[in-house]
Amino acid sequence: MNLMTNQPPTAELQALDAAHHMHPFTAGAELAEKGVRVITRANGVRLTDSDGREMLDAMAGLWCVNIGYGREELADAAARQMRELPYYNTFFQTAHPPVIALAARLAELAPGDLNHVFFAGSGSEANDTNIRMVRHYWAAQGKPEKSVIISRRNAYHGSSMGSASLGGMPAMHGQGGLPIPDIVHINQPNWWAEGGEMTPEEFGRARARELEDKIAELGEDRVAAFIAEPVQGAGGVIIPPESYWPEIQRICDAHDILLIADEVICGFGRTGHWFGSQSYDIRPDIMTVAKGLSSGYAPIGGSIVRDHVAEVIGRDEFYHGYTYSGHPVAAAVALENLRILEEEKIIGHVRDVAAPALAKAWATLADHPLVGEVVTRGLLGSVALTPDKASRAPFREGPGKVGLICRERCFANDLVMRHVGDRMVVSPPLVITPSDIDEIVRRARIAFDETHAEAKAQGLMD
Ligand code: PXG
């Protein structure tokens, strides 16, 4: 025990973790051998581990700590609510003040007539709600066969049976018998990897028209909804060509298909607006929210729903809900988070200060020999690592090896940055300053240099 911090030594924590803790998206045996990294404290945009080492968190946790770490106001809001009413449910005609206030606040913030909120504990749960809700919406109107949901390859919508089926990750579908019936996938608007000789604008339109082709193939009377992230996050921060979303919107309108925007990453300021849908002029019927709703301080998610959908769903009992739907402590924390986002004008800071600073600093990486595409949107950024910029070629050993080296080199330089295959992604807390953005990019460049040398040494590139 460290008497200063009241904390067991790192090796002891690692041994207990290896013996008892099953981690998400982790090969347990490999981790046990290496030893888990234990994060003990955080403040602003910086994490501290159990050895006292400080790191810049360019990922805002898992894309969620929008207001940054260490905000006492959220801790106070949680403690206050726990003392007053730690739990009550929202089933069977009951509610409590924080859930009512949060629903009303979200209705105010969400564009148009997205006026109704069904709460969940996470993004996965909210997307499961959406599957049942859109199918029930059509069934309640005498069209039970209108049940297919179209999603996209390389989308991420969660890990539960339903949400992982919506996701377009083959490795996930390969475990546990997915996808569930009546979920189909079209291609993603990833111009760098898949655009070939087309211009980004041509490619964006072509990929959007795959939705129209799929609707024609299945028949309009079979298709309930299309779901997509405004910007694919976990898929590698794939920023769609400007031509993509207007065409998707036109197709959904023309064919009477509900549009679900998964705002779990894009929501609450990430793209420089309250919602990514506003950045791309998307008019969704349902928005999935989680993560930034509470800045990750408490687990909460939900579906924000337009009037016409809520009206149909509300006609009869919707046999759906979670014990923690609208949990009072999580709702109180979310309300306080939304207050801070608004009063401190954090979204204006993203739009006017941080996003332009990231765009400028990130673009300087383009001259690095390992770097191909360099893109940002708001405070989302990614680079594609490549052995050959001109041909946009992938590495010959298959995706992920060089990306993994790069992630490790980032850690070694006290920078937390994710890799998705061979794309490096950033999604820092929204409160980040231009000088910390420059520091992220300075460390990233060092990590890229080291990765380049290592990839050559391992024969992964010439
Ligand atoms: N939709 C989107 C767009 C997401 O990014 C979910 C739904 C699911 O939310 P929950 O709260 O159930 O996790 C997500 C989650 C990563 C990573 O490493 C990304 C997510 C979660 C965990 C890891 O990129 N996104």
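The values are calculated or read from the model by the stated rules, or taken from the named source; none is laboratory data. The structure presented is a predicted model; accordingly, all values stated were derived computationally and were not measured. Every residue, glycine as well, gets a Cβ built from its backbone with ideal geometry; the counts of neighbours run over all protein chains shown. All accessible areas refer to the heavy atoms of the entire protein, side chains included, with ligands and DNA or RNA removed. Shrake-Rupley method; radii C 1.70, N 1.55, O 1.52, S 1.80 Å.
The table that follows gives values for the structure above.
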| read-out | value |
| --- | --- |
| Residue-averaged 222 nm ellipticity for the chain, from DSSP H runs of 4+ at -39500 (n - 2.57), nearest 500 | -12000 deg cm²/dmol |
| The range 406-444 residues near the modelled residue 51 label - backbone nitrogen below 11 Å, point 7 Å along Cα→Cβ | 412 |
| Reduced Cα scattering model of the chain, Debye log10 I(q)/I(0), q = 0.11 Å⁻¹ | -0.92 |
| Given charges at beta-carbon only (K, R positive; D, E negative), |dipole| of the range 291-418 in Debye | 540 debye |
| Paramagnetic reach from residue 16 (point 7 Å along Cα→Cβ, amide N under 16 Å) across the range 49-68 | 50-51 |
| When each of 291/456; 34/456; 345/389 is checked by Cα-Cα distance, pairs over 27 Å | 291/456; 345/389 |
| Per-peptide average of other Cβ atoms within 10 Å, ordering 76-83, 287-294 highest first | 287-294, 76-83 |
| Contact order relative to length of the range 241-292, as percent, for alpha carbon pairs under 8 angstrom and 6 or more apart | 40 percent |
| Mean accessible surface per residue for the chain, computed with a 1.4 Å probe while every protein chain stays in place, in Å² | 43 Å² |
| Length-normalised contact order of the chain in % [C-alpha pairs under 8 Å, at least 6 apart] | 19 percent |
| Mean separation of Cα contacts under 8 Å, 6 or more apart, over the residue count of the range 183-331: relative contact order % | 17 percent |
| Options 319, 277, 301, ranked by Cα towards positive dipole end of the range 231-334, top entry (Cβ charges) | 301 |
| Overall Cα dimensions of the range 73-343 - principal axes, largest extent first, Å | 60, 40, 38 |
| Residue among 248, 199, 69 farthest towards the positive dipole end of the chain, charges placed on Cβ | 69 |
| Distance (nanometres) between label positions extended 7 Å along Cα→Cβ at residue 140 and residue 101 | 2.9 nm |
| Segment residue 180-residue 414, extension gain: residue separation times 0.36 nm, minus the distance between their alpha carbons | 80.1 nm |
| Integer Hz, Karplus 6.51/-1.76/1.60 couplings in order for the range 418-427, x for Gly and Pro | 8, 10, 10, x, 10, 9, 9, 10, 9, 7 |
| Carbon plus sulfur fraction of accessible area for the range 73-343, probe 1.4 Å, in percent | 53 percent |
| DSSP beta bridges in the chain [antiparallel fraction, %, rounded to 5] | 65 percent |
| Additional length obtainable on full extension of the chain from residue 40 to residue 80, 0.36 nm per residue less Cα span | 12.0 nm |
| Estimated inter-spin distance, residue 26 and residue 392, nm [label 7 Å along Cα→Cβ] | 3.6 nm |
| Exposure ranking of 324, 137, 69 by accessible area [1.4 Å probe, largest first] | 324, 69, 137 |
| Net lengthening on full extension, residue 6/residue 307 (0.36 nm per residue, minus Cα-Cα) | 103.1 nm |
| Nonlocal amide H pairs with residue 185, under 5 Å, H built at 1.01 Å | 151 |
| Under 12 Å from residue 143, Cα to Cα: aspartates and glutamates that are on another chain or at least 8 residues apart | 220, 221 |
